[in-house]
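A.B. asks: Below is one structure. I have some questions about it.
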Amino acid sequence: MDLLHYNVFLYESDCEKKVDACKQQIEEARSETVSDAELDLLQRGLEEELEKERLLKEEFRYVSSCVFVFSIAELYSIICLTICFSSAQPSAKSLMI
């Protein structure tokens, strides 16, 4: 093999190595890239989770308000019963007579 053929051989080998390296980089980039379908699926999943969170917050607010209203009603009942019992009991003056 003469020098010219040897240089052509080295050049072709170098080119093949560069082409192979580029192919490998392309494959790596493709494997790291998310497809539109995958992105849509992830977006829908995120939206579903956000909707679940919104509904849970709404339910929590409703339950909290019910507990608050029930507590006020319960407190009102206790006050009314206390007033009723205190007015129904004979006073100390009436017992002395």
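Throughout, read-outs are computed from the coordinates displayed, never taken from laboratory work. Everything quoted here is computed from the prediction, not taken from an experiment. Methodologically, a virtual Cβ is constructed for each residue, glycine included, from the backbone with ideal geometry; neighbour enumeration extends over all protein chains shown.
A.B. asks: Report the local net charge at E58: Lys and Arg +1, Asp and Glu -1, summed over other residues whose C-beta lies under 14 Å from its C-beta.
C.D. replies: +1
A.B. asks: Something else: Which net charge results when you count Lys and Arg as +1 and Asp and Glu as -1 among the other residues whose beta-carbon is under 15 Å from that of L46? Don't skip to the answer; put the middle values down first.
C.D. replies: On the way: positive: R44, K52, R54; negative: E38, D40, E47, E48, E49, E51, E53.
So the surrounding residues net to -4.
A.B. asks: What full-extension length gain, to one decimal in nm, is calculated for I72 and L10 as 0.36 nm per residue of separation minus the Cα-Cα distance?
C.D. replies: On the way: separation 62, 0.36 × 62 = 22.32 nm, distance 9.05 nm.
This chain segment gains 13.3 nm when fully extended.
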